[in-house]
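Scroll down for the structure; my scribbles are underneath it.
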Amino acid sequence: MTDKTAPITLTERAARRVKAISAQEGVTGGMLRVSVSGGGCSGFQYGFSLDDEVKDDDVVVTRDGATVVIDSISLMYLAGSEIDYIDELVGAYFTLNNPNAVASCGCGTSFAVAM
């Protein structure tokens, strides 16, 4: 597979957290997989999971030794997004600043796009 350049950015905080989670879980070459699926309050929802395999249709984003993979279908909804990691008193989580989202729910894990 040839790596493609994704129109997605990864913040320094998110890169550090991806590396820390991979090390903590003992996953050699661990990557954060970001996906979009139908469902959630607003129509689509974000998914975040660890993966150790790059699939043929994945777009690979790297920063500071951290790797994020996104399948080509999800990329249609995430183009131009920034992946960040927030660590606040109320919780810690990955978040997407998605310019394609026209609405989102209060929890921030689901969104709607204009059709």
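Among the residues of segment 62-79, just one is surrounded by fewer than 17 Cβ atoms within 10 Å (Cβ to Cβ), over 16 Å from R16 (Cα atoms) and among the β-branched types (V, I, T), namely I73. Does S35 meet the test of being touching a strand residue (DSSP E or B) at 6+ places or on another chain (Cβ under 8 Å), assigned to a helix (DSSP H, G or I) and not hydrophobic (A, V, I, L, M, F, W, C)? For S35, the condition - touching a strand residue (DSSP E or B) at 6+ places or on another chain (Cβ under 8 Å), assigned to a helix (DSSP H, G or I) and not hydrophobic (A, V, I, L, M, F, W, C) - is not met. When segment 90-103 is limited to residues that are in a strand (DSSP E or B), at negative phi and not aromatic (F, W, Y), the one that is modelled with the lowest pLDDT turns out to be A103.
Residue-wise test of (1) surrounded by 12 or more Cβ atoms within 10 Å (Cβ to Cβ); (2) in contact with a Phe, Trp or Tyr (Cβ under 8 Å, 6 or more places away or on another chain); (3) at pLDDT below 90.
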| site | (1), (2), (3) |
| --- | --- |
| E25 | no, no, yes |
| G29 | no, no, yes |
| S37 | yes, yes, yes |
| C41 | yes, no, yes |
| Y46 | yes, yes, yes |
| K55 | no, no, no |
| V60 | yes, no, no |
| S81 | yes, no, no |
| C105 | yes, yes, yes |
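The values are calculated or read from the model by the stated rules, or taken from the named source; none is laboratory data. In this text, all values refer to a predicted model and were calculated from it rather than measured experimentally. In this analysis, Cβ positions are derived from the backbone assuming ideal geometry, glycine residues included, and neighbour counts consider all displayed protein chains.
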